[in-house]
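These notes are about the structure you will find just below.
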Amino acid sequence: MLTVPAEETLDALVAVLDEIRLGRSRSRSELIARTGLGRAVVAQRVGELIERGLVREVGYGRSTGGRPPRQLYFHAEAGHVLVADLGATSIDVAVTTLDGRILAHRDEPADIGDGPERCLGRVDQLFAELRSSTRDLPGELWGIGIGVPGPVEFRTGTPVSPPIMPGWDGYPVRARFAAAYDTPVWVDNDVNLLCLGEWRSGAAVGHDNVVVIKVGTGIGAGIISDGRLHRGAQGSAGDVGHIQVVDERAVICRCGNVGCLEAVAGGAAIGRDGEAVAREGRSERLLAALDQHGQVSAADVARAASYGDPAAVELLEAAGRRIGRMLASVVNFFNPSLIVVGGGVALSGDHLLSATRETVQRRSLPLATRELVISRSSLGGLAGVIGASAMVVDQLFAREHIAHWMAAGGPAGMPEVALAG
Ligand SMILES: [Zn+2]
């Protein structure tokens, strides 16, 4: 019978497991060098992780003469994770292994404004489809991760006054899924999950200080500070879309304030301004889009810009410059080594990203931009579900949670693990 390790050994256990599961150490000698733990302690903790089925010793590493070293691997198939990334206009769901490998994925259009009962009911249906259609699902369900397009109080897994999510304020998203699936559940905003995904397996791998900005219908940012996702005191860090960037009282944001970045440079704003351009007769392509759909979207503007439509190009560049000015302030304040730009609007062409990049370089302090890289997100639409999976597994293996399920061999059937710590 395996028991919960003593307090003093738990730190070492988590340190060793993190090294192995994040691919930083592959052997006992690497673990000793990187963790600073003694040889005997590393040997004991590795032995314990193997006994508990979380680590496997497989194959042979590169031989340097003599006996070839065996290599340590995280047992990512010990269980599986269900994740859902809800955007303003889409739902992405996936089932993954414990190292974020996607076993099956579905996405479809959706309207977050339909409210929690309908949106989350649809997530239930998609989860059921994923589970029934995925062959050889590894292990049991170890946890669920949910992303929503608005501020979330991370501690309780509850959306708090989300501007574009009518009916969701205070809705107990975690409690709902924990009760229905009898498993630990974590909830975060979609931008933090995009950030985690890019950091774990996308454009931000290896960087310790990163800003990931998402330009979709709205605008938000996720922050990696000193190698950790920075959520802030209440979980609202990175809400850069509501920084005031213009004084015009005419531009009212959906949050109720005036002059927010999102209200002049987000996807909804670009569509609105594109429609005005069409009505003023300044763009034939946007007028055609207006005639066809009855409105102009950011995607219409991006498409017109890709054909060289001057008014559409100017709209995207103006948005890019405004985003760049905000980011220049962030760069001066936070000094990241990398900015990753993601979200449907940013990824739909080069005009917005180029204008953003140029403005950040011009307006930030030279020391802050000397080694600064600004790149586009590399996981595209999958970053959110990959990030949600990383959130769940990071939480399961966190120091404050692991002791609560370790003796049982896994967290399946233990929804209270998410509340521990
Ligand atoms: Zn606002």
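Among the numbered conditions (1) at pLDDT below 95; (2) farther than 30 Å from Gly343 by Cβ; (3) open to solvent by less than 30 Å² (accessible area, probe 1.4 Å), tell me where Arg62 comes up short.
With (1) at pLDDT below 95; (2) farther than 30 Å from Gly343 by Cβ; (3) open to solvent by less than 30 Å² (accessible area, probe 1.4 Å) applied to Arg62, the lone miss is (3).
From the list Val264, Val277, Val211, exactly one residue is under 21 Å from Pro149 (Cβ atoms) and touching a Leu at 6+ places or on another chain (Cβ under 8 Å). Which is it?
So the residue among Val264, Val277, Val211 that is under 21 Å from Pro149 (Cβ atoms) and touching a Leu at 6+ places or on another chain (Cβ under 8 Å) is Val211.
Any idea which residue in segment 92-149 is least open to solvent (accessible area, probe 1.4 Å), counting only those that are part of a helix (DSSP H, G or I) and among the charged types (D, E, K, R)? Walk me through it before giving the result.
In the first step, residues of segment 92-149 are kept if they are part of a helix (DSSP H, G or I); the result is 112-114, 116-133.
Keeping just the survivors that are among the charged types (D, E, K, R) gives 114, 117-118, 122, 124, 129, 131.
On the way: Asp114: 69, Glu117: 123, Arg118: 164, Arg122: 71, Asp124: 43, Glu129: 71, Arg131: 91 Å².
The qualifying residue least open to solvent (accessible area, probe 1.4 Å) is Asp124.
Run down Ile112, Ile102, Ile146 and say which single residue is touching a residue at least 12 places away in the same chain (Cβ under 8 Å) and more than 30 Å from Cys255 (Cβ to Cβ).
Answer to the selection: Ile102.
Hey, can you tell me all the residues within segment 160-193 that are in contact with an Asp or Glu (Cβ under 8 Å, 6 or more places away or on another chain) and within 16 Å of the ligand (Cβ to nearest atom)?
Correct list: Val160, Ser161, Pro162.
Has segment 233-244 got any residue that is more than 13 Å from the ligand (Cβ to nearest atom), free of Cβ contacts under 8 Å to residues at least 24 places away in the same chain, surrounded by fewer than 16 Cβ atoms within 10 Å (Cβ to Cβ) and within 21 Å of Val187 (Cα to Cα)?
Scanning segment 233-244, I find at least one residue that is more than 13 Å from the ligand (Cβ to nearest atom), free of Cβ contacts under 8 Å to residues at least 24 places away in the same chain, surrounded by fewer than 16 Cβ atoms within 10 Å (Cβ to Cβ) and within 21 Å of Val187 (Cα to Cα), so the answer is yes.
Could you tell me whether any residue of segment 255-275 is within 13 Å of Ala319 (Cβ to Cβ), surrounded by 13 or more Cβ atoms within 10 Å (Cβ to Cβ), among the basic types (Lys, Arg) and within 16 Å of the ligand (Cβ to nearest atom)?
Yes; the residues of segment 255-275 include at least one that is within 13 Å of Ala319 (Cβ to Cβ), surrounded by 13 or more Cβ atoms within 10 Å (Cβ to Cβ), among the basic types (Lys, Arg) and within 16 Å of the ligand (Cβ to nearest atom).
In segment 351-371, which residues are buried (at least 17 other Cβ atoms within 10 Å of the Cβ) and either among the hydroxyl-bearing types (Ser, Thr, Tyr) or assigned to a loop (DSSP other than H, G, I, E, B) (or both)?
Across segment 351-371, the qualifying residues are Thr356, Thr359, Ser364, Thr369.
The values are calculated or read from the model by the stated rules, or taken from the named source; none is laboratory data. Model, not experiment: these values are computed from the prediction. No Cβ is skipped: glycine too gets one built from the backbone with ideal geometry, and neighbour counts run over all protein chains shown. Calculation scope for accessible area: heavy atoms of the full protein, side chains included, ligands and nucleic acids excluded. Shrake-Rupley method; radii C 1.70, N 1.55, O 1.52, S 1.80 Å.
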